[in-house]
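The next block holds one structure in the form of structure tokens; read it before the comments.
We did not get these values from a lab; they are worked out from the coordinates using the rules stated. What you see is a predicted model, and the numbers here were worked out from it, not measured in a lab. Backbone-built Cβ (ideal geometry, glycine too); neighbour counts: all protein chains shown.
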Amino acid sequence: MKFWALADLHLNFGVPEKSMEVFGSGWKDYTKKISLHWKQLVLPEDVVLIPGDISWALKTSQAKKDLEWIDALPGKKILLKGNHDHWWTSKSKVEKDLPPSLTLIQNNSFVIEDVAIAGARLWDTEEYSFDPYITFLKNTREKPKTVDKEHDKLLFTKELGRLEMSLLSIPPGVSTKIAMTHYPPIGPNLEPSKASKLLEQFHVNYCAFGHLHNVQKNKLPFGKKNGVTYLFTAADYCDFCPQLVFEKKDS
């Protein structure tokens with residue numbers, strides 16, 4: 001069994017006017033690329049982590065087509081909420097009509113064959129910056145927003161609490177722990193953070209995340225730090241190809 005990760009699918013089957021193709025040629029036919037690569041790599045017994053920004057939908061009814069599209073792909077999928085997943089109002093509401101191969105992570109964890117998966121969205125933090133690694137493009141759809149540092153601090157603190165709650169829910173005795181966060185939990189040069197210290201405290205083995213776009217290829221030196229392997233899996237950075245987290249060998 002293999003565990004894969006791919007963040008920032010930004011599907012728009014329910015809201016066709018919000019295609020990511022407006023961001024340039026790199027996003028052309030992105031859903032076709034995701035489907036092609038996914039089917040080439042992922043087997044029915046595998047697990048695919050999706051660390052946020054799953055759908056552009058604003059309502060759960062609009063997200064239904066996107067979730068059904070994911071369900072039709074091979075493997076079991078574990079979903080985490082991203083900052084653009086406005087359709088994800090509450091775990092209980094989304095789960096009512098959730099397709100069978102999809103599982104949600106929100107203040108909880110999921111265990112499959114003694115591998116535990118936990119996580120939380122996180123938020124912006126002043127602990128580090130990725131600006132030098134990003135080619136900024138104008139988003140014609142984005143509304144002007146005011147930076148509220150105090151609000152960001154409060155939200156980040158809440159998200160740390162949610163991450164801790166999720167990690168605390170992992171039962172004892174699992175062999176491998178995987179965390180998902182939407183926002184990066186560590187700096188570009190593996191600078192420590194409150195989130196990374198929490199991952200270390202709970203002896204997490206792997207952490208997959210995304211959120212950043214237009215990142216200069218091969219510039220981010222993510223890797224292993226204090227026992228945790230950090231994997232940047234934003235779809236456009238990974239050429240819309242699921243990234244291998246690890247393979248669980250048959251015992």
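From the convex hull of the Cα coordinates of the chain, what is the mean projected area in square nanometres? It would help to have the intermediate numbers written out before the result.
Values: hull surface 51.9 nm².
For the chain, averaging the hull's shadow over all directions gives 13.0 nm².
7 Å from Cα along Cα→Cβ at both Lys217 and Met1: what's the point-to-point distance in nm?
Going by the 7 Å Cα→Cβ label model, 3.4 nm.
Pairs of alpha-carbon atoms within less than 8 angstrom and 6+ residues apart define the contacts here; what relative contact order does the chain have, in percent?
Working: 518 pairs, mean separation 61.5, N = 251.
Relative contact order here is 24 percent.
Amide H to amide H under 5 Å from Leu104: which residues, 5+ apart in sequence or cross-chain, H placed 1.01 Å off N in plane?
Those qualifying (amide H under 5 Å, at least 5 residues apart or on another chain) are Leu79.
At a 10 angstrom cut-off on C-beta neighbours, averaged per residue, how do the peptides 32-42, 54-64, 126-136, 178-188 rank from highest to lowest? All intermediate terms of the calculation are to be shown ahead of the outcome.
Details: 32-42: 15.8, 54-64: 20.3, 126-136: 11.5, 178-188: 25.3.
Order by mean packing, descending: 178-188, 54-64, 32-42, 126-136.
Who wins for biggest fluctuation among His213, His151, His84 in a Gaussian network model of the chain, springs between alpha carbons below 10 Å?
His151
Restricting attention to the range 83-131, which trypsin sites (Lys or Arg not before Pro) occupy a DSSP loop and are surrounded by at most 13 other Cβ atoms within 10 Å?
Lys96
Quick check on the range 1-109: what are the equivalent-ellipsoid semi-axes from the Cα gyration tensor, as sqrt(5λ), descending, whole Å?
On the way: eigenvalues 78, 72, 26 Å².
The equivalent ellipsoid of the range 1-109 has semi-axes of 20, 19, 11 Å.
Holding the Cα-Cα limit at 26 Å, pick out from Lys2/Lys59; Lys225/Lys248; Lys158/Lys225; Lys28/Lys81; Lys2/Lys33; Lys77/Lys177 the pairs that are longer than that.
Working: Lys2/Lys59 32 Å; Lys225/Lys248 21 Å; Lys158/Lys225 24 Å; Lys28/Lys81 24 Å; Lys2/Lys33 20 Å; Lys77/Lys177 16 Å.
Distance filter (> 26 Å) returns Lys2/Lys59.
By how many nm would the segment from Lys28 to Asn189 lengthen if fully extended, with 0.36 nm per residue of separation less the alpha-carbon distance? Walk me through the numbers before you get to the answer.
Numbers: separation 161, 0.36 × 161 = 57.96 nm, distance 3.08 nm.
So the extension gain works out to 54.9 nm.
Choose one of Met20, His37, His10: the residue whose Cα lies farthest towards the positive end of the charge dipole of the range 10-49 (beta-carbon charges +1 Lys, Arg; -1 Asp, Glu; about the Cα centre).
After comparing all options, I get Met20.
Quote the FRET efficiency, to the nearest 0.05, computed for Glu68 versus Glu150 with a Förster distance R0 of 30 Å and r equal to the Cβ-Cβ distance.
The computed FRET efficiency comes out at 0.15.
Choose one answer from Val47, Val147, Val115: the residue with the largest mean-square fluctuation in a GNM of the chain with alpha-carbon springs under 10 Å.
Val147
Ranked from highest to lowest mean number of other Cβ atoms within 10 Å per residue, what is the order of the peptides 232-243, 161-172, 8-19? Let's see the in-between values first.
Working: 232-243: 20.9, 161-172: 15.9, 8-19: 19.0.
Per-residue mean Cβ counts within 10 Å order the peptides as 232-243, 8-19, 161-172.
Using unit Cβ charges (K, R positive; D, E negative) and no other charged atoms, how large, in debye to the nearest 20, is the dipole of the chain about its Cα centre? Can you show the working numbers first?
Working: 33 positive and 31 negative charges, 41 e Å.
That gives the chain a dipole magnitude of about 200 debye.
Determine the calculated [θ] at 222 nm for the chain from helices alone, applying -39500 (n - 2.57) to every DSSP H run no shorter than 4 residues and normalising by the residue count; nearest 500 deg cm²/dmol. Intermediate results must be reported in sequence, preceding the final value.
Details: 5 runs with 57 residues, N = 251.
Taken over the chain, the calculation gives -7000 deg cm²/dmol.
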